[in-house]
Structures are given as C-alpha cells and as structure tokens.
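K.L.:
If you scroll down you'll find the structure; I have some questions about it.
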Amino acid sequence: MHKISRFSLAFASALLSATLLGACGDDNATTPFSNTSATSSSSEQPIDLGQSSSSEVTTTSSDSQQSQQSSSSENAPEQSSSSETLLPPPLSSSSATPSDPNCVETPVATVSVDSVGLADIGDAFKSVRCNEKAVFIIRHAERDMNDDSKSAPITYWENEPDSVGGQPSDGVRQARAVGKKLISPEEFVFTHTPYLRTEQTCQNIAIGRGQQSFQHDTVSIYTISWFKKDKDLFKAYEDSSGNFRTLVSAWAYDKQYADAFYDLQEKSIEIVQNDFAPSYASMKNKYRMVCTHDDFVLPFTVFASNGTVNYRFHDPASRNWPNFLTGVAIIIDDKNQIRYIPFKGLGRGIE
C-alpha cells in the first residue's frame, strides 16, 4: 500500500533540499503561441519529510494561520468570508524595480506548444526578457484524490520510485521538478490559496529552484469563486449537470450557464489589471508564482489563449481537463504590454 506523508507549514525548515528527477517532456512542437495585449486595453532517494536538514527553507508569511476546515470540492470559500485575506495588499509604485541599464531589448522568442496548445513551463520561463516581469498562475501538485478538504496535503509516495512512466511519482517530486525548470539568480515570491496543497506546492517549487527563502502570502479569490456571479444558481446548475467539470468547461468555452457567472473576459482582465500585472513599474519582483486550483486555471486559460487551448471537458470528443501543475504565464514588459503563455509543468498537460 502507498503511504502518504502529510506535512504542514511547520515542516518548512525540516525539508531536505534533495534534487528530484525533472518531468519528462512530451512536446511535439506545433504552431508557436503568442497572445499580446496592453493593460490599458484589457536516481534520487525518497525524501524523508520527517528528518531535518542543514539546508533549510526560511518561511515568512502574511497569513500564517492555515485553515484546517473540510470542504467537499476544490472550491475555495466565497468572497464574503471575513476570516481570510480576500484581496492582496496593494502594490506600490514606490517599490518599483528600476530598469536595468544593461538591458537590451530583444525580440520575443517563439515558444513551441503541444497538440493541446500548451508550452513547457521551462520554455515559457526562458522566454522572459530582461525588460519583462512574469507571474505564473499554476494548479497545485498531486493530492490524495480521496481527500479534497482544505487540509489535504500534496502526496508523497515514500516507498515508490522517483518517477513512473516518465512522470514524477507524487506531488512533492512533481513540484520540485517544476522548480528545477525555473532556476535563476532572481528569487520568486509566492502566493497561494488558503489550502494546504497550494501552499505546499509553492514551497516545494521554491525548494526545487534551490531558493533558500519562501516569501509567501495567502489570498482567497484565486478560485472559481472569482468568476461566480450567483452562487445559488451555480449550485443548481452543478446539481443538474451532475458534473462540476462539465459546468465550468461549458461556461468558459461556450457561454452555457452564463447567468451564474460574470463575463469571462471582463473578470479576467479585471484581475490582471488590479492584481496580477497592474503595471511593470508597480510590480516589485521580477517573478511571482500563484499556486491555485484547476477551477481557476481552466477559465483563465480559456481567456489567455482565446479559447485555443483544448480543455473542453464538456465535449465528448475531448474530455480534457488541466493536469496538475498546468497554468498560464502572464508576462509584462516595461511598456506595459502583456503576453500570455499557457503552459504545462509536467510532461502531460491534461488528465
């Protein structure tokens, strides 16, 4: 039987910084993906998680109390909750990173995508130029599929090989493999939802990068709740359709059940302009990672790709759903022009 080791925020200083096998890519390059807009317009040994190590990750958080409440779905609490941070702290232009005087602007690199429409996260990362900053919106790593509560951790298969079929065998290894694709001199800052699995995903990506600090905060809005207009009607449609995934996919692609949701484009542009990439100057760090859920990744990817990424779960001919560690890179330059790159962190981007 598999053994799952559960660990919480307190394990940060006890995690080993062992290197995991990288995810094995399955890209067959197709057409390059580009979507540009302006903000104004819209053989390693299994890791013993219980042992200490001389290599530690220092944890700092603006919301150190993690909720241990149970939930019946991946959905985070509605925005009306008063016990959690609902909006991120405002970004100040006074903390803007000055332009690099040695930066010479280069053409945007062509990034190849697979048959689903996804680039590899490593390629997306490499495409970020010296005059650009990037926010990576990413689904959490693998969790126990029998536990979708807020306290459910990402998996760690202690007695399993590091990889199975070319893929990292569990959530810890998955997240660290993604981190190994994101190594650079600049440190990432991290944001996650009030779910243990998203925090652990962010933390293990940091470890995979070899990053010694884990600067992070907690924000509740990065789930389907951001897009819900009428939660009672949403629940009624969910009950009638019999499948949450069908409901979200049909709305995002074909505008079915639209009266339960806000307009996808308007709400996506709003969260980009107000939070993810308000302006190049106001974004303090060059890189930010937002660890979230599939129910946010799917609609935001539909917006970012103009519907070209195939996550059409409601289509019987497709039934695609975003895999763990898929997402979208939001890349903004010093002229406040934005481009989006939907990506996969693992070799396979769909479930």
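K.L.:
Can you sort Trp321, Trp226, Trp251 so the residue with the fewest Cβ neighbours within 10 Å comes first?
P.N.:
Listing Trp321, Trp226, Trp251 from fewest to most nearby Cβ atoms yields Trp321, Trp226, Trp251.
K.L.:
With θ set to phi - 60°, apply the Karplus curve 6.51 cos²θ - 1.76 cosθ + 1.60 along the range 136-141 and write out the HN-Hα couplings as whole Hz, x wherever there is a Gly or Pro.
P.N.:
9, 8, 9, 6, 4, 6
K.L.:
May I ask for the net charge around Pro168, where only other residues with Cβ less than 9 Å from the Cβ of Pro168 are counted and Lys, Arg are +1 while Asp, Glu are -1?
P.N.:
-1
K.L.:
Right, something else. Would you order Ile154, Ile269, Ile205 from fewest to most other beta-carbon atoms within 10 Å of each residue's own beta-carbon?
P.N.:
Ile269, Ile154, Ile205
K.L.:
Quick one: order Asp334, Asp120 by neighbouring beta-carbon count within 10 Å, fewest to most.
P.N.:
Ascending number of Cβ neighbours within 10 Å: Asp334, Asp120.
K.L.:
Determine the relative contact order of the range 149-271: mean sequence separation of Cα pairs under 8 Å and six or more apart, normalised by residue count, in whole percent.
P.N.:
Result for the range 149-271 is 20 percent.
K.L.:
Using only the alpha-carbon atoms of the range 203-312 as identical scatterers, what base-10 log of I(q)/I(0) does the Debye formula give at q = 0.11, 0.18, 0.22, 0.23 Å⁻¹?
P.N.:
Computed log10 I(q)/I(0) values: -0.43, -0.96, -1.22, -1.29.
K.L.:
Calculate the spin-label point distance for Asp232 paired with Glu105, positioning each point 7 Å from the Cα along the beta-carbon direction, and give it in nanometres.
P.N.:
A separation of 5.2 nm, rounded to one decimal place.
K.L.:
A further question follows. What is the local net charge at Ile331, summed over the other residues whose Cβ is closer than 11 Å to its Cβ (Lys, Arg +1; Asp, Glu -1)? Show your work: numbers first, answer last.
P.N.:
Details: positive: Arg129, Lys133, Lys286, Arg339; negative: Glu132, Asp333.
Summing Lys/Arg as +1 and Asp/Glu as -1 gives +2.
K.L.:
With each pseudo-label sitting 7 Å past Cα toward Cβ, what's the Glu266-Ser282 distance in nm, one decimal?
P.N.:
Distance between the two pseudo-spin positions: 2.1 nm.
K.L.:
Could I ask something else about it? Among Ala109, Phe190, Thr201, flag the residue with its Cα farthest along the positive direction of the charge dipole of the range 109-268, charges on Cβ as +1 for Lys/Arg and -1 for Asp/Glu.
P.N.:
Ala109
K.L.:
What percent do you get for the relative contact order of the range 239-312 when only Cα pairs under 8 Å and 6+ apart count?
P.N.:
39 percent
Each reported figure results from applying straightforward, stated rules to the coordinates on display, with no laboratory input. The model shown is predicted, which means the values in this text are computed figures rather than measured ones. Cβ: placed from backbone, ideal geometry, glycine included. Neighbour counts: every protein chain shown.
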